[in-house]
Amino acid sequence: MQKPIVVVGSINLDLVARADHIPQVGETVIGRSFNTFFGGKGANQAVAAAKLGYAVSMVGNVGTDAFGAQLRKGLSDAGVDTTHVNTVENSSGTALITIGSRGENSIVVVPGANGDLTPKLLENAKPILQGAGFILAQLEIPLETVEYLSQFAERHSVPFMLDPAPACELPDSLLRRLSWITPNETETQQLLRSRSMNQTLTRDEAADELLALGVQNVLLKLGSRGCLIAQPSKPKELIPAFAVEAVDTTAAGDAFNAGLAVGFLRRSSVHASAIFASAVAALSVTRAGAQPSMPSADEVEQFLRKQSSTSNRG
Ligand code: ATP
Ligand code: RIB
């Protein structure tokens, strides 16, 4: 039987303004459009994996406001099991997002209910966590909960992938329990800031440092330049991104992580899984919004078929 992916993480409503550019500090710009989308790094990863045809359970919190019920329905409509989505006395998580003309973004996240996802609230989810094929987490929930999960995953030999976003410095004990860490470039520098004594590390140096700290496998996400895979005793591998026209890069990283986990669970190699994940992420950047941008399994298959006939890599 297929072991499900279990995502433990944030569920947000994204309030998205598009403008010609992202305002500087003190600057006001006139926007072009405003939309709301279902988002949150955790929920995005869950929806992406479900749309790829994989069994997914979400563990997280929504608030008692009107958004809470809508966010929960959005997840279940996408095929995610929401049995372990709690409703807690708080506002639902929100993200204020500005998108510039090249699809780039800046985001303020207000955790609300996500901040109340304590280890105690994972109690009822223990059986599904124990039977998971992969546990995926991010950092929009309390760090204490992520640390607890890493211990739980280690104890039950369940692979654990952490997207360290938004980044902060992490304890060595947590890093050592990660099967995979998947920071983007900014997050990589933030994770290692005090360890590198504020020096900017090259991506190879940063990947080596993370491996030296005990992370089992490292994948650095490099935006439109692709990703770098670093594993102990293996040469590093750069997988270029697919060349697509970026409309909105929000949740590209979430699409990528879901694709990577699905690839691994379908027993593809690390190389093939990273290419699959790159295709899922590339398709997501061609569309607006977080969850609505996630492609289906058929769309990814067609995209990869087309790409292999034209070999159109960035
Ligand atoms: P986000 O926080 O926006 O969800 P991220 O910052 O975590 O994303 P990125 O490095 O921006 O992660 O993107 C993740 C992956 O998505 C990249 O490794 C790449 O494969 C793909 N990707 C991102 N931007 C583009 C782009 N403009 N064109 C094609 N692929 C892209
Ligand atoms: O990774 C993208 C997500 O980050 C958005 O959907 C937003 O909710 C923030 O959590």
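The values are calculated or read from the model by the stated rules, or taken from the named source; none is laboratory data. Given the structure is predicted, the values throughout are model-derived calculations rather than measurements. All Cβ positions, glycine included, derive from the backbone under ideal geometry; neighbour counts span all protein chains shown. To get the accessible areas, we keep the full protein, side chains included, count just its heavy atoms, and leave off ligands, DNA and RNA. Shrake-Rupley method; radii C 1.70, N 1.55, O 1.52, S 1.80 Å.
Which one is nearest to the chain's Cα centre (by Cα), of the residues in segment 37-56 that are open to solvent by 10 Å² or more (accessible area, probe 1.4 Å) and of a type outside the set (A, V, I, L, M)? Break it down into steps so the answer makes sense when it comes.
At the first step, the residues of segment 37-56 found to be open to solvent by 10 Å² or more (accessible area, probe 1.4 Å) are 37-38, 41, 50-51, 53-55.
In the following step, the residues that additionally are of a type outside the set (A, V, I, L, M) were identified as 37-38, 41, 51, 53-54.
Values: Phe37: 16, Phe38: 14, Lys41: 5, Lys51: 15, Gly53: 17, Tyr54: 16 Å.
Per the stated criteria, the residue is Lys41.
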Do the conditions hold for Leu191, that is, is it buried (at least 17 other Cβ atoms within 10 Å of the Cβ), outside any strand (DSSP E or B) and of a type outside the set (D, E, K, R)? yes
Filter result for Gly68 (more than 16 Å from ligand 1 (Cβ to nearest atom), at pLDDT 95 or above and outside any loop (DSSP other than H, G, I, E, B)): yes
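Can you pull out the helices (runs of 4 or more DSSP H) entirely within segment 241-314 that have at least 2 residues that are closer than 16 Å to Thr182 by Cα?
On the way: elements: 252-265, 270-285, 297-310.
Where helices (runs of 4 or more DSSP H) fall fully within segment 241-314 and carry at least 2 residues being closer than 16 Å to Thr182 by Cα, they are 252-265, 270-285.
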Of all residues in segment 92-142, count the ones that are within 19 Å of the chain's Cα centre (by Cα), open to solvent by 40 Å² or more (accessible area, probe 1.4 Å) and either more than 23 Å from Ala251 (Cα to Cα) or away from ligand 2 (no atom under 16 Å from the Cβ) (or both). 0
Restricting attention to segment 100-114, which residues are modelled with pLDDT of 95 or more and either at positive phi or in a strand (DSSP E or B) (or both)? Val108, Val109, Val110, Gly112
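Quick check on my filter: what residues within segment 78-134 are free of Cβ contacts under 8 Å to residues at least 24 places away in the same chain and in contact with a Pro (Cβ under 9 Å, 6 or more places away or on another chain)? Before the answer, list the steps.
At the first step, the residues of segment 78-134 found to be free of Cβ contacts under 8 Å to residues at least 24 places away in the same chain are 108, 110, 120, 123, 127.
Of everything in segment 78-134, nothing turns out to be free of Cβ contacts under 8 Å to residues at least 24 places away in the same chain and in contact with a Pro (Cβ under 9 Å, 6 or more places away or on another chain).
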Filter segment 144-169 down to the residues that are away from ligand 1 (no atom under 16 Å from the Cβ) and assigned to a loop (DSSP other than H, G, I, E, B), then identify the one that is nearest to the chain's Cα centre (by Cα). Pro159
Given the criteria in a strand (DSSP E or B), within 25 Å of the chain's Cα centre (by Cα) and without any contact (Cβ under 8 Å) to a residue 60 or more places away in the chain, does Phe34 qualify? yes
All but one of (1) in contact with a helix residue (DSSP H, G or I) (Cβ under 9 Å, 6 or more places away or on another chain); (2) open to solvent by 30 Å² or more (accessible area, probe 1.4 Å) hold for Thr202; which doesn't? (1)
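Answer yes or no as to whether Ser33 is loosely packed, with under 15 Cβ neighbours inside 10 Å, closer than 21 Å to Met294 by Cβ and among the hydroxyl-bearing types (Ser, Thr, Tyr).
yes
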Kindly indicate whether Gly68 is free of Cβ contacts under 8 Å to residues at least 60 places away in the same chain and open to solvent by less than 20 Å² (accessible area, probe 1.4 Å). yes
Has segment 223-240 got any residue that is in a loop (DSSP other than H, G, I, E, B) and under 16 Å from the mean Cα position of the chain (by Cα)? yes
Would you point out the residue of segment 243-291, among those that are near ligand 1 (Cβ under 8 Å from one of its atoms) and hydroxyl-bearing (Ser, Thr, Tyr), that is most open to solvent (accessible area, probe 1.4 Å)? Thr249
By residue number, the members of segment 4-30 that are without any contact (Cβ under 8 Å) to a residue 60 or more places away in the chain and either on the phi < 0 side of the Ramachandran plot or in contact with a strand residue (DSSP E or B) (Cβ under 9 Å, 6 or more places away or on another chain) (or both) are Gln24, Val25, Glu27, Thr28, Val29, Ile30
For residues that are surrounded by fewer than 20 Cβ atoms within 10 Å (Cβ to Cβ) and in a strand (DSSP E or B), scanning just segment 1-23, find the one that is farthest from ligand 2 (Cβ to nearest atom). Ala19
Matching residues in segment 217-242 - criterion: being open to solvent by 30 Å² or more (accessible area, probe 1.4 Å) and near ligand 1 (Cβ under 7 Å from one of its atoms): Gly223, Ser224
